[in-house]
Amino acid sequence: MLRWNAVLLLLFCHAAGLNAGEPLFVPHGAGAMGMAFSVTATPGHWNCFHNQALLATVPSSGFSVGLENRFMIPALSSKAVSGILACRPAPLALVATHYGNADYFRIFTGLGSAVKISNSISLGVQVDYISERGAGEYRDVSHVTFETGVTCLIPPALTVGVHLFNPLAPMNTLPSSIDAGLNWTQSEGLFLTLTGSKASNEPLSVQCGISWDVMQRLTLRTGYMSSPSAFAFGIGFKSGSLQADTGFLLNSMTGVTSSVSITWLIK
Amino acid sequence: MENQISFRITFAILLMVLIPCHLLCQEESIALRESVEEILALSEDADPAAMLEEMEGLKESPVSINTGDEKEISRLFFLSEFQVIVLADHIRKNGSVVTLYELALLPAFDRNTVLLMAPYISLEPVAPKGGKSYSRTLVTMTASARFSGNENGTEGLRSLLKMKHEQGSFSFGLTAENDPGELFTLKNGPGTDFLSGYIEYEGKGFINRIIAGDFAVRAGEGLLFNSSQWLGSWLSSPSFMSGRSTVAPYTSTEENSYFRGISLTFGNMNTGVILFASSNRIDARIQFTDDSTATGVSNLVRGGIHITESQLEARNSLTETVTGLRLIAGAEKVRGGVTASATWFSLPFIPDLTEPENLHAFAGDRLLNLAADIRAGTGSVLFFAEAGIGLASPLTGSAGGDLSDPQADTTGTDPPGSVSTVGEMNISDSWAATAGLRAKPSGRVTFNILTRHYSPGYHAFHSGAFRAGSGSGNETGVAASLHIEAARHLFITAAADHYRIPWPRYRSSSPSYGSRIEIKGEYQPGDDILLRLAWTSSSREYDAATETGTARSVTHTRQHLGFVFDICPAGTLRLTTRASASIITPSGEKGYLLCQDFSCSFRAIPLKLWFRYALCSTGGWDSRLYAWENDLLSSFSVPSLSGEMTRSYIMLSWKHNDHIEVRLKYGFTDGTNNPGGTFRQEVKGQVRIGF
């Protein structure tokens, strides 16, 4: 109990000191996009990089590639690869993303892991290395930071998750963010999610989503985020150990952002 | 003083003796009431009259669903064809429905749909049919008067007569109305300011229905025709699907949105044809030349009030002739239709093209509309879509053919579809489409989504598809809603709508954006108690009012928070406490409303009593609050309260037997604390006779 109080205290102390910057990092995973990224407490391959504590619930190892095309502008596209080794007691996760074009690009790499502290509570952490390069006389910059998360099963159907990114904000120029979310498994094949997300100097964003396995292999997803206001839609298709997902974000001002990811699960 | 105390004691004893009786008349769904209030607060030109009167008509004559008759069930106009068929099948296979809860379990039904239906249905067992054809006549006479210290056009006596007679397959009805201040005269008129009637034949074979007189049309998702168009603004409605396609007799007092002529309906819900032809005189603002010759129409006039000189001038000044055809074909799970209509006006529309928002306005005197719609699904997933075009003719019609357009553009820069593009049919700017999905992945979750695009140049004068703004075109958006039974007795609804208005419109001189968000929670631990909390936020871009030159866009947001506590401490006593607040940004204007309702019926005497006391304090008109009131039969009342106001009313209903009911209502609004405020009173009386 004391250990838990210490963990929670640590999280909330960091949350209270958040400041500076705009959200820089493109969240990945077409499945997560289909639910407006309200996946802080939702298990899944890509979701583990939205809250590392979810790594503890990953049933099998897997690898995935993803592509996001922001506002359908190729210069703003982002590519990502990830892998999870489901070793016990602490799974290992690796992610690398590339965002931008020849004149400006950002490479994000992260190495994370998680542990189950009790039957219902998991804790995860990920160390990130971020490198930004610009053409011409712009100075290249690099940062090292970390992110951490916790999940808790209240009743078995309800999971609560909290995720904190870059608690080192006072020591670097990166923004911080904190997400808190719920995942409610309403019935087999149907779950609903709700997340509140606050990044430095950005308004609070409330995100919600619903995922429904309409058939054994076909999943429909939809969601809504309040800031920036956007509807999300997505479809997932499973066949054996392969899973393909696609997601779309629709914002009335900036247009459509699309994402696709393919995941290979080693069972 | 002693007399007063003894009177109070006597009154209290009387109440205690009379209260323990029976009945709790179903009222409209609270969700519907809240939505009416919010939509009225958000839209200057929202007019719920036709839809609410249609609903009130259902309340007078509830739908007997246990007949299992599709025609009877389909009187619930907000149900889709699929829902009607599912319900009729269920009753035919399993017998009578005993409770409302049973309905919520059927495919395509959910709790919210059932709550919407509840006031308008009867679960009485069906008596075996006898050989005699029955006849039934219902006459409703209403008179209401308003008084205040100031003279204005809204004072005076309103009179309304509604009559309906049914005998076998035939029925006919009549509606006659005079708004306050309108004269009753037989000179050049039928006596009343508004007179409407119909004769209807309902067949059981190939000829489904024939209506001669006034009628309303609903087709597909409402891109062309939807007489219940206002329902389309209801974001947290159980479903975004329009009701089933139909032609029905027109009984509303809304004076400009109906058809007058003949309609023929052949076939059934799955295969059929609807044909109709109408010629109706409607209100419009007419343009005249120097020698007083009418040259065209600048705009249509709604409201139906004819008191001032300009209102009388606009009255029935334009003839609208419409012919339409609808073909329906389908099977159990897929159903589609094609609708076509042609409209002629006696005078051409000549919009003021010096205003940018009018560049896509309807111009000319003819309009051709075509649309196709489809619905498909199995119950857990229902898909619906409709696409249509509206082709406006240029100013070469018969009435305006020889006219040169005084505002015609000579620079060659007119956009397509405007007045000066003679002879062109610009389909790319004249189309509209809407599509949506209703999914019920589990018994406790219902999800709706709808996308829509209405081109700025799309025109349809009787459209009523789902949209945030008014009119028929100039909107693109996505709306979604989620209804969840989160825990036992706890129901949550969340809905959002984001839309873009691509072309300038009134108060927006550039493309603009808008959004609506609603979150509602309802806790109902029993049939006799309900708590409801609702938050809505509506944003829209407008021009900043104080600037000169190019207008800057400012987002206006109205947030509304409402709380309702409804309890029935005894079977016949209902208490409703309500508190609501509104906040407007960026002005910072705020408003509050506290409202207490009391309704009671008695066993010993056939009397029902409603009472309300409401207190309101708002910073101005923008933060005004609306409060739905119980009203006379076939009527509704949603007064707006702003400034420092109190509002109170008492209404009595005496239902002597099934044949006669008398209602009396007295209400007052005290706004004397406001600068120039008045003390307004109203008295309403109504007699309904059925035999």
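Does the range B:470-594 come out rounded, prolate or oblate by the C-alpha gyration tensor, with a ≥ b ≥ c the root eigenvalues, rounded set by a/c under 1.5 and, if not, prolate when a/b is larger than b/c and oblate if not?
Prolate.
Please work out the C-alpha center-to-center distance from the range B:507-578 to the range A:141-196 and express it in whole Å.
Answer, in whole Å: 31.
Using the Cα centre of the protein assembly as shown as origin and beta-carbon charges of +1 (Lys, Arg) and -1 (Asp, Glu), tell me which of A:87, B:256, B:185 is placed farthest towards the positive end of the dipole.
A:87
At 0.36 nm per residue, minus the direct Cα-Cα distance, what do residue B:295 and residue B:383 gain on full extension? Give it in nm, one decimal, please.
27.1 nm
Could you size up the charge dipole of the protein assembly as shown around its Cα centre, putting +1 on the beta carbon of Lys and Arg and -1 on that of Asp and Glu, and report it in debye to the nearest 20?
The calculation lands at about 3100 debye.
Sequence neighbours fewer than 8 away in the same chain don't count; with that in mind, list the lysines whose C-alpha is under 25 Å from residue B:665.
Answer for residue B:665, where 25 Å is the Cα cut-off: B:59, B:162, B:164, B:608, B:655, B:684, listed by chain and number.
With r defined as the distance between the Cβ atoms of residue A:60 and residue B:102 and R0 fixed at 51 Å, what FRET efficiency is calculated, to the nearest 0.05?
0.70
Any chance you could check the Cα centroid distance between the range A:211-267 and the range B:657-691 for me, in angstrom?
Centre-to-centre distance over Cα atoms comes out at 55 Å.
Please order B:626, B:523, B:101 by the number of other Cβ within 10 Å, starting at the fewest.
Ordered from fewest to most neighbouring Cβ atoms within 10 Å, B:626, B:523, B:101 come out as B:101, B:523, B:626.
Please give me the summed charge of the neighbours of residue A:179: other residues whose Cβ is under 13 Å from its Cβ, Lys and Arg +1, Asp and Glu -1.
That works out to -1.
Enumerate the residues in the range B:292-310 having an amide nitrogen under 13 Å from the point lying 7 Å beyond the Cα of residue B:506 toward its Cβ.
Of the residues in the range B:292-310, B:299-303 have backbone N under 13 Å from the label point off residue B:506.
Measuring from label point to label point, each 7 Å out along Cα→Cβ, what is the residue B:277 to residue B:199 span in nm?
It is 1.7 nm.
Placing unit charges on C-beta atoms (Lys and Arg positive, Asp and Glu negative, everything else neutral), compute the dipole magnitude of the range A:95-169 about its Cα centre in debye, rounded to 20.
Dipole size: approximately 260 debye.
How do B:115, A:192, B:300, A:111 line up, fewest other C-beta atoms within 10 Å first?
Going from sparsest to densest Cβ surroundings: A:111, B:300, B:115, A:192.
If you place +1 on the Cβ of every Lys and Arg, -1 on the Cβ of every Asp and Glu, and leave all else neutral, what size is the dipole of the range A:2-266 about its Cα centre, to the nearest 20 Debye?
460 debye
Looking at A:212, A:266, A:107, which one has the Cα that reaches farthest to the positive end of the dipole of the range A:2-266 (charges on Cβ: Lys, Arg +1; Asp, Glu -1)?
Of the candidates, A:266 comes out farthest on the positive side.
Is the C-alpha gyration tensor of the range A:2-266 telling us rounded, prolate or oblate? Criteria: a/c under 1.5 is rounded; beyond that, a/b larger than b/c is prolate, otherwise oblate.
Here the range A:2-266 falls in the rounded category.
Since every read-out is calculated from the coordinates, none of them should be taken as a lab result. Just so it is clear, the structure is predicted and the values come from calculations on it, not from any experiment. Quick reminder, even Gly has a Cβ in these numbers, built from the backbone with ideal geometry, and neighbours come from all protein chains shown.
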